[in-house]
Amino acid sequence: MSTTSAPRTKQSTSSLAASRKFKAFAITFSISGPVIYCLSQYLNYPLVTYWPAIGRLVWGYEGARPGAGPNMLWYGWILTTLLIASALGIVAMLIPERIFNRIPLWLVWLLPILCVPYIIYSLMYWWRLAAKY
Amino acid sequence: MRGLISTNTFWTLWLFVHLILALGLLGALTHQAMAVALPVRKPAAGIVSRFRAVPAAGYATAVCVLYVLIFLVGSYIYPQYRIAIRIPLEAGHYYKTGGFFDFKEHVAAIGLVLLPAYWYFWKNSQNPQYDNARKGVTLVLAVAVWFLFIVGHVLNNTRGFAS
């Protein structure tokens, strides 16, 4: 995995990168993040709803309002994800290392790939319209 | 700022900033992905080998900073897309284009949450325990960024600069 110009040494390059607690936070955040994002979108739990045409920002989900134009939920889904994934990351920092080390690291890259079929399915509205017109 | 230039020019400039930053991220992540997927075992000779032989670990922080910056700029111009671009796209029955933009926004969000682990794995690239995870997450991010770039480019061709 190494390249010719990046020889391995024993030490990591910064104190944050050497921190066991940061490792627990970062890995838990990145493993849970894609799943939480898909769940917050599927269950429609945005932390905020934004109405760009009138500059209105409200907590939680707010459905169609006459004369307000389209609403945007994407910011809300991201904020929900960041909040929950951060909370899980903080909890993981408290778990003993020997238990945390049992979490398979391949989940970090496999779960985002597994989210893709769900995302495509969740956009069925667009694909149906595209097939119709 | 908006008083000095037209609204169209203002948003076009931000879209341009989004594009320029994306080019930097694309280059850095492609170098890294090549370095982990096809590592060079002996001194680089040709242009392809030299492309793969970069000090990939040194890019990790820059990739994270660029990704977050692009994400913030994209988030800033997104409401303009929602009002001035998406509504005409739907009216013109460009549904596949609209669908792929929504696909892009989800991929961008998922890429964002991968950054902490990505950064950690690269900053501990001396530890062979993280080799496979680092390779996997780097390749996933590289594919995601190429996807984001291509969809953004096609969308811009449909209705972008100065629209």
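A short reminder: the numbers here are calculations on the coordinates, not readings from a lab. Quantities reported herein were computed from a predicted structural model and do not represent experimental measurements. No Cβ is skipped: glycine too gets one built from the backbone with ideal geometry, and neighbour counts run over all protein chains shown.
Under the simplified labelling scheme, the A:Ser86-B:Asn156 pair shows an inter-label distance of 3.2 nm, with each label point 7 Å from Cα along Cα→Cβ. Neighbouring Cβ atoms from other chains, within 10 Å of the Cβ of residues in B:28-36, number 1 on average. Calculated [222 nm] ellipticity per residue, helices only, for chain B: -26000 deg cm²/dmol; basis is -39500 (n - 2.57) per DSSP H run with n ≥ 4, divided by all residues, nearest 500. Shielding of peptide B:76-85 by partners, expressed as the average count of other chain Cβ atoms within 10 Å per residue Cβ, is 3. Report the local net charge at A:Tyr125: Lys and Arg +1, Asp and Glu -1, summed over other residues whose C-beta lies under 15 Å from its C-beta. That sum, taken over residues with Cβ under 15 Å, equals +1.
Using unit Cβ charges (K, R positive; D, E negative) and no other charged atoms, how large, in debye to the nearest 20, is the dipole of the protein assembly as shown about its Cα centre?
Numbers: 24 positive and 6 negative charges, 133 e Å.
Rounded to the nearest 20 debye, it is 640 debye.
Computed from phi, the 3J(HN,Hα) profile of segment A:96-110 under the Karplus parametrisation 6.51, -1.76, 1.60 (θ = phi - 60°) reads x, 4, 5, 7, 4, 5, 6, 5, x, 6, 5, 4, 4, 9, 6 Hz, with x in place of Gly and Pro.
For chain A, what does -39500 (n - 2.57) per DSSP helix run (n ≥ 4), summed and divided by total residues, give at 222 nm, in deg cm²/dmol to the nearest 500?
Details: 6 runs with 77 residues, N = 133.
Estimated from H runs of four or more residues: -18500 deg cm²/dmol.
Summing Cβ point charges (Lys, Arg +1; Asp, Glu -1) relative to the Cα centre of chain A gives a dipole of roughly 300 debye.
Summing +1 for each Lys or Arg and -1 for each Asp or Glu among the other residues whose beta-carbon sits under 10 angstrom from that of A:Gly69 gives +3. What the Cβ-Cβ distance of A:Leu57 and A:Ser15 gives, at R0 = 51 Å and to the nearest 0.05, is a FRET efficiency of 0.85. Across segment A:36-50, rounded Karplus estimates of 3J(HN,Hα) from the backbone phi angles (6.51 cos²θ - 1.76 cosθ + 1.60, θ = phi - 60°) give 5, 4, 5, 5, 5, 6, 5, 7, 6, 10, x, 5, 9, 10, 10 Hz, Gly and Pro being marked x.
Hey, which of these cross-link pairs are over 18 Å Cα-Cα: A:Lys23/B:Lys104; A:Lys21/B:Lys135; A:Lys132/B:Lys96? Beyond 18 Å: A:Lys23/B:Lys104; A:Lys21/B:Lys135.
Shape analysis of segment A:18-132 places it in the oblate category; the axes a ≥ b ≥ c from the Cα gyration tensor give an a/c of at least 1.5, with a/b not above b/c.
Toward the positive end of the charge dipole of segment A:18-132, with +1 on the Cβ of Lys and Arg and -1 on the Cβ of Asp and Glu, the farthest Cα among A:Ala18, A:Pro112, A:Gly33 is that of A:Ala18. Just so you know, the Cα atoms of segment B:7-159 work out to an Rg and Dmax of 17.4, 56 Å. Averaged over the residues of peptide A:69-78, the number of Cβ atoms from other protein chains lying within 10 Å of each residue's Cβ is 4.
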